[in-house]
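Read the figures in this text as sums done on the coordinates, not as results from a lab. Fair warning: this is a prediction, and the values are worked out from it, not measured in the lab. So basically every Cβ, Gly included, is an ideal-geometry build from the backbone, and we count neighbours across all protein chains shown.
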């Protein structure tokens, strides 16, 4: 059934820089403004009386159809963003490029004749700008962080790991991505030096002196690391990025040196004792000869 | 029990819990279609508390930072709906709904819109269940993200008249092996609360009249 809704088709709707589609209670198009006509390539005359899935047969309209049903049943207003639902409708800009859009779905009309208003917002420019910025940032980021031989982890201010580079997963024996979302305590629990550094960072004391800690690998084995960390803030929220240098070799060398020092003392003591024994023996022999 | 809890009795709160669970069950189905994996949402409890109590519960005495998705609703029930959770869980929720292994920078950038849409689905689930019970519709605003300490969320201008009572729904999400819990807070004015009470009574009478009492409680945990 196509209702005649002359009052809905205001010429003002055709002046908007936003797509406006109005559906009746049967989810059939009653209004299709000039903007959506241009972006979809479907004229208002052709669209009127059809349902969205008939107009866009190849599109994945699950979310939009649920939102339409919710608005007609209970008046719910829904927002469908390009972030979670990219390119819901196959729309084009006047120059023929993909048109990125957000969609809002809300109820209109009254109890007797429920209507659903779908508005389509062009976010192509903003999306493209965001994507360019993100790609540039990610390229820089990957070049540095992904290839770094040192472990790099970023934590939120509750101590949850939000980022771990490949050296982190490898160094601690985790699968890629496995560390993200876990508390940093899985790596270094009961490390007073770290706890002190963490408290200092969160209270904004600036750059902290690097400290040595013993971290725990997934298999439970210890790993000696030197940690340097700093705090950064995004959208009012603090993050801590820590760089952990593997000092296991240095630690092993120090340990060997310490061992050598300890045995050196022992050897010196033994040698001295031997020398004293010989001296005593010589002294005793001398005494014997004098007699 | 606070003086405010006299506004809705235990039976009415139980009925509301059941209705809201049906609503979040629908929201879970929408989220599942979106995420492509099982999503469980449930509201184990609904409490009617004073504004100060609500702040105490949400704050946990730590002045912790929270994030909220806010929508206004108007009609026979008028007020604000807020989906609130600790800011620390916000990135986790975005990670859960976007899936994949997006870098932290991407997650931070997508956070605002992804949260808005996800919160919108959940709040619509709760509000739609109440609207359906009313058998009429509520007008709702688009979702908006708020951040900060929770006393800010409860002092948005203009305050609802006598808006000292908050319906607080504890809600748990289970998405991609992540358990994330938060609260839905409904701030309504007194006439709305009285309408809600009346409508819940009618609902209970209908339910008790239509079905034997022992089957009435069977659909408490709505998850899809």
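Here are the numbers for the structure shown:
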{"quantity": "Helical mean residue ellipticity (222 nm; -39500 (n - 2.57) per DSSP H run of 4+; nearest 500) of chain A", "calculated": "-11500 deg cm²/dmol"}
{"quantity": "Rg(Cα)/(2.2 N^0.38 Å) for segment A:104-146, N = residue count", "calculated": "2.21"}
{"quantity": "Part-to-part distance (alpha-carbon centres) for segment B:31-110 and segment B:117-158, which is given in Å", "calculated": "11 Å"}
{"quantity": "Residue A:95-residue A:46 FRET efficiency (beta carbon distance; Förster radius 25 Å; 0.05 resolution)", "calculated": "0.65"}
{"quantity": "Interatomic Cα distance distribution for chain B, bins of 10 angstrom, percent", "calculated": "8, 34, 37, 17, 4, 0"}
{"quantity": "Order of A:249, A:226 under a 10 Å beta carbon neighbour criterion, fewest first", "calculated": "A:249, A:226"}
{"quantity": "Ranking of B:50, A:104 by count of other Cβ atoms within 10 Å, fewest first", "calculated": "B:50, A:104"}
{"quantity": "For segment A:5-88: relative contact order, % (alpha-carbon pairs under 8 angstrom, 6 or more apart)", "calculated": "19 percent"}
{"quantity": "Alpha-carbon centroid distance for the pair segment A:239-270 / segment A:126-196, whole angstrom", "calculated": "29 Å"}
{"quantity": "Partner chain coverage, peptide A:101-108 - average Cβ within 10 angstrom", "calculated": "2"}
{"quantity": "Cα gyration tensor shape of segment A:75-160, rounded if a/c is under 1.5, else prolate or oblate by comparing a/b with b/c", "calculated": "oblate"}
{"quantity": "Ranking of B:126, B:150 by count of other Cβ atoms within 10 Å, fewest first", "calculated": "B:150, B:126"}
{"quantity": "Share of alpha-carbon pairs per 10 Å distance bin for segment B:17-84, given as whole %", "calculated": "16, 36, 37, 11"}
{"quantity": "Distance (nanometres) between label positions extended 7 Å along Cα→Cβ at residue B:157 and residue A:263", "calculated": "7.9 nm"}
{"quantity": "For the protein assembly as shown, the spread of Cα positions along each principal axis, largest first, Å", "calculated": "141, 64, 41"}
{"quantity": "Along principal axes, Cα extents of chain A, largest first, whole Å", "calculated": "143, 40, 35"}
